[in-house]
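Asker: Here's a structure for you.
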Amino acid sequence: MSDQDVLVLAEARGDALADVTFELLAAGRELARATGGQVLAVVLGPNGAAHAPALAAADRIIAVDDPQLAEYSPEPFASALREVVEAEQPRAVLTASTSIGWDVAPLLAARLDAPLATGCQAIRPDGDGLLVTASFCGGKMLAECRVAASPAILMMLPGSYRPTDETGKGELEQRKPAAPLEPGAIAFEQWIYPEAGDVDITQQDVLVAVGRGIQQQDNVELAEELAQALGGAVCASRPVVDQGWLPATRQVGKSGMIVKPKLYLALGVSGAPEHQEGMKGAELIIAVNTDPKAPIFDVAHYGAEVDMLDLMPALSEAIAARKG
Amino acid sequence: MNIVVVVRQVPDLIEPLEIVPSGDALDLDAASFILNESDDHALEQALLLKEAGGGSVTVVALDFGDVDNTLYTAVAKGADRIVKIACDGDTPPAPRDSAAVYAEAIKPLEAELVLVGVQAHDELDGGLSPFLAAALELPYVGVIRGVKADDAPGTVAACKEFPGAVMARMSVKLPAVLGILGADQPPRYVPVSRIRGAMKTAQFEESAATLAAGELLLSVSRLYPPAPATRAEMLSGSEEEIAGRIAEILAEKGLVK
Ligand SMILES: Cc1cc2nc3c(=O)[nH]c(=O)nc-3n(C[C@H](O)[C@H](O)[C@H](O)COP(=O)(O)OP(=O)(O)OC[C@H]3O[C@@H](n4cnc5c(N)ncnc54)[C@H](O)[C@@H]3O)c2cc1C
């Protein structure tokens, strides 16, 4: 235990750990090297110890179990994490900007009266404090922030660190909370899975993605025609799904699908971090947007600053002409 | 159900963002403001719950930006009460400071359910909603898409989003604060004539809550637009020329067969 340690909240997804956990461990290793502390990985839930081998980048793996941690609910998770943080007194607590992170990190910060920073992309020590580079305004702005107090609760943006091969001591400690956890007023009831039957966008080689720039439901037809010409499928950013213009199974991003097609044609998508999370791994990204400063151009290989509504029919035609 | 919704103004990202000369804050004078998208969903969710089960919807906002218009629009959509909190100066407080003042304004309203957008894109010490829950000493869950009255009295069922379009149905004992990402339906459209009508009839209630700056836990030293290592190769020309060039690139990569 040292006030230079970096604590990482590992997140399990089914039997495996979420990919972002490995990024957090890499960030943790880098920061701990600079502070001279250790990396602690905390995993909450019944199978925590089973994840220990995958958490080898940590020096200490603290697996906390309690019946209330069997499925996610905010109060038991936040309480269990708080107990570990209070016992270990780390310099920083790294969580991901995930569905669980968005609950647990601020609840922990509020209860410990500790600083919280969201959208973190890079962290380094600065005297007693930390300097954090954080993304906000949908990825259009970066902020350099100084976090003075410990522990700093940092919500890391997925994709900011590459998983590391470095290993730590990997010592496993299995713990139970000091007192059985209270269920709290919010209880998990059941998982709801998307309805089957729609196109599986994760299996497509070509995806035509439409964002808010599509403007109206009727225009989705133009994207369908283009996708057909390319032998692919249409997917969307969140606002298009929120409007009910396409089913949730077509959403790409943080709460949607992670896709890695051969071609991702992003039309009228700004490229917010939550969207990029789902499509950055595509082999070829071509973005069309009327705003030259749209963050999507930062991840695209090719870009064009034109109106998607004009481009879609022109591109369908150009593809058809090539096919002859 | 007595529901309180918090709505916030955020800079419109369609407009260019400018930075003040000292380099450590957005130039809010140069920004145009819009209603925070997830707060719009929170309002819609409150109206849907009221329509399904009765009750009232009170909308609370800091008196900042174009908030009057937002509040009149809320009334035109079906909100019952609109409460403004005085906000001195040109800059709205950071989420943690504002959580305290919202909590002070909301406490006397005896809400059973408080709905707030889970994220505002101008937050850095993020998440007004969980800090508000902490200040009100109420339970909290966020990243919610869709809330329904539950069979059990005094509870609601909230769907929490997870990756892969998977949701967790959570049972929430009231009172509670929920961080809303999406409503069960897209926010409703309201004709301008109804908003004008609301401007004539609706009365603001002024909250006595006052802002007190808390301890500065996070300080911004510099803001700057990202300068990515790589940037797309931009194609130029008419739509037809660009379409032709894209078709050519795809053909080169064997993606058009
Ligand atoms: C917890 C959480 C989870 C989220 N999960 C997801 C997710 O899974 N997926 C997701 O996508 N988002 C997600 N979001 C939302 C995300 O933050 C963004 O709000 C969203 O991605 C924006 O979608 P957009 O790019 O379509 O819209 P906007 O950001 O509004 O961008 C629209 C773009 O279209 C351009 N445009 C407008 N008209 C035209 C035209 N005629 N031709 C060409 N371009 C045009 C504009 O310049 C703009 O860049 C999540 C947010 C949170 C808080």
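Asker: Can you work out which of the residues in region B:183-230 that are more than 9 Å from chain A (Cβ to nearest Cβ), among the basic types (K, R) and touching a residue at least 12 places away in the same chain (Cβ under 8 Å) is least open to solvent (accessible area, probe 1.4 Å)?
Answerer: Among residues in region B:183-230 that are more than 9 Å from chain A (Cβ to nearest Cβ), among the basic types (K, R) and touching a residue at least 12 places away in the same chain (Cβ under 8 Å), the one least open to solvent (accessible area, probe 1.4 Å) is B:R188.
Asker: Assess whether A:S270 counts as being near the ligand (Cβ under 8 Å from one of its atoms), in a loop (DSSP other than H, G, I, E, B) and in contact with a strand residue (DSSP E or B) (Cβ under 8 Å, 6 or more places away or on another chain).
Answerer: no
Asker: Do we find a residue being within 7 Å of chain A (Cβ to nearest Cβ) and in contact with a Leu (Cβ under 7 Å, 6 or more places away or on another chain) anywhere in region B:153-162?
Answerer: Yes, region B:153-162 contains at least one residue that is within 7 Å of chain A (Cβ to nearest Cβ) and in contact with a Leu (Cβ under 7 Å, 6 or more places away or on another chain).
Asker: Quickly run through region A:260-284 and pick out the residues that are over 15 Å from A:P295 (Cβ atoms), open to solvent by 30 Å² or more (accessible area, probe 1.4 Å) and at the interface with another protein chain (Cβ under 8 Å from one of its Cβ atoms).
Answerer: The answer is A:K262, and nothing else.
Asker: Could you give me the residue pairs with C-beta distances under 9 Å whose first residue belongs to region B:127-149 and is farther than 18 Å from A:K254 by Cβ, whose second residue is of a type in the set (S, T, N, Q) and outside any loop (DSSP other than H, G, I, E, B) wherever it lies, and which are 6+ apart or on separate chains?
Answerer: Sorted first by the residue in region B:127-149, then by its partner, the pairs are B:L128/B:S98; B:F131/B:S98; B:L132/B:S98; B:Y140/B:S129; B:V147/B:Q45; B:A149/B:T155.
Asker: Let me ask another. Would it be correct to say that A:D291 is more than 16 Å from A:C235 (Cβ to Cβ), within 7 Å of the ligand (Cβ to nearest atom) and without any contact (Cβ under 8 Å) to a residue 60 or more places away in the chain?
Answerer: It is true that A:D291 is more than 16 Å from A:C235 (Cβ to Cβ), within 7 Å of the ligand (Cβ to nearest atom) and without any contact (Cβ under 8 Å) to a residue 60 or more places away in the chain.
Asker: Condition first: open to solvent by less than 50 Å² (accessible area, probe 1.4 Å) and outside any helix (DSSP H, G or I). Now tell me which residues in region B:79-100 satisfy that.
Answerer: Hits for region B:79-100 are B:A79, B:I82, B:V83, B:K84, B:I85, B:C87, B:P92, B:P93, B:A94.
Asker: So, in region B:194-225, of the ones that are touching a Lys or Arg at 6+ places or on another chain (Cβ under 8 Å) and assigned to a loop (DSSP other than H, G, I, E, B), which residue ends up farthest from A:I285 (Cα to Cα)?
Answerer: B:G214
Asker: For B:V147, which of the numbered conditions (1) over 22 Å from A:C137 (Cα atoms); (2) away from chain A (no Cβ under 14 Å); (3) crowded, with 21+ Cβ neighbours inside 10 Å; (4) among the aliphatic types (A, V, I, L, M) fails to hold?
Answerer: Answer for B:V147: the failing condition is (2).
Asker: Next question, about the same structure. Does A:R175 fit the bill of being in contact (Cβ under 8 Å) with a residue 60 or more places away in the chain, closer than 23 Å to A:F77 by Cβ, more than 11 Å from chain B (Cβ to nearest Cβ) and open to solvent by 20 Å² or more (accessible area, probe 1.4 Å)?
Answerer: Yes.
Asker: Filter region B:235-257 down to the residues that are under 16 Å from A:A287 (Cβ atoms) and of a type in the set (S, T, N, Q) and list them by number.
Answerer: Matches in region B:235-257: B:S236 only.
Asker: Name the residues in region B:108-139 that are at the interface with chain A (Cβ under 9 Å from one of its Cβ atoms) and of a type outside the set (A, V, I, L, M, F, W, C), would you?
Answerer: B:Q119, B:H121, B:D122, B:E123, B:D125, B:G126, B:G127, B:S129, B:P130, B:P139, listed by residue number.
Asker: Could you count how many residues in region A:201-224 are within 13 Å of chain B (Cβ to nearest Cβ) and away from the ligand (no atom under 16 Å from the Cβ)?
Answerer: Number satisfying all stated conditions: 3.
Asker: For the structure I just gave you, tell me whether B:D29 is open to solvent by less than 40 Å² (accessible area, probe 1.4 Å) and either of a type in the set (D, E) or free of Cβ contacts under 8 Å to residues at least 40 places away in the same chain (or both).
Answerer: no
Asker: Also, quick follow-up: So A:S316 passes all but one of these: (1) open to solvent by 10 Å² or more (accessible area, probe 1.4 Å); (2) facing chain B (nearest Cβ under 8 Å). Which condition number does it fail?
Answerer: A:S316 satisfies every listed condition except (2).
Asker: How many of the residues making up region A:231-259 are assigned to a loop (DSSP other than H, G, I, E, B), more than 10 Å from the ligand (Cβ to nearest atom), closer than 21 Å to B:E37 by Cα and more than 8 Å from every other protein chain (Cβ to nearest Cβ)?
Answerer: The qualifying residues number 3.
Asker: Any residue at all in region A:139-154 that's buried (at least 24 other Cβ atoms within 10 Å of the Cβ), out of contact with any Cys (no Cβ under 7 Å at 6 or more places or on another chain) and at positive phi?
Answerer: Looking through region A:139-154, at least one residue is buried (at least 24 other Cβ atoms within 10 Å of the Cβ), out of contact with any Cys (no Cβ under 7 Å at 6 or more places or on another chain) and at positive phi.
Asker: Condition first: over 22 Å from the mean Cα position of the chain (by Cα), surrounded by 18 or more Cβ atoms within 10 Å (Cβ to Cβ) and part of a loop (DSSP other than H, G, I, E, B). Now tell me which residues in region A:35-83 satisfy that.
Answerer: Within region A:35-83, A:G37, A:Q38, A:D59, A:D65, A:D66 meet the criteria.
Asker: β-branched (V, I, T) and either under 21 Å from the mean Cα position of the chain (by Cα) or within 11 Å of the ligand (Cβ to nearest atom) (or both), is that true of A:I186?
Answerer: Taking the combined requirement at face value, the residue does not satisfy it.
The values are calculated or read from the model by the stated rules, or taken from the named source; none is laboratory data. Computed from a predicted model, the values in this text were never measured in an experiment. Cβ coordinates were reconstructed from backbone atoms using ideal geometry, including for glycine residues, and neighbour counts include every protein chain displayed. For accessibility, only protein heavy atoms count, side chains too; no ligands or nucleic acids. Shrake-Rupley method; radii C 1.70, N 1.55, O 1.52, S 1.80 Å.
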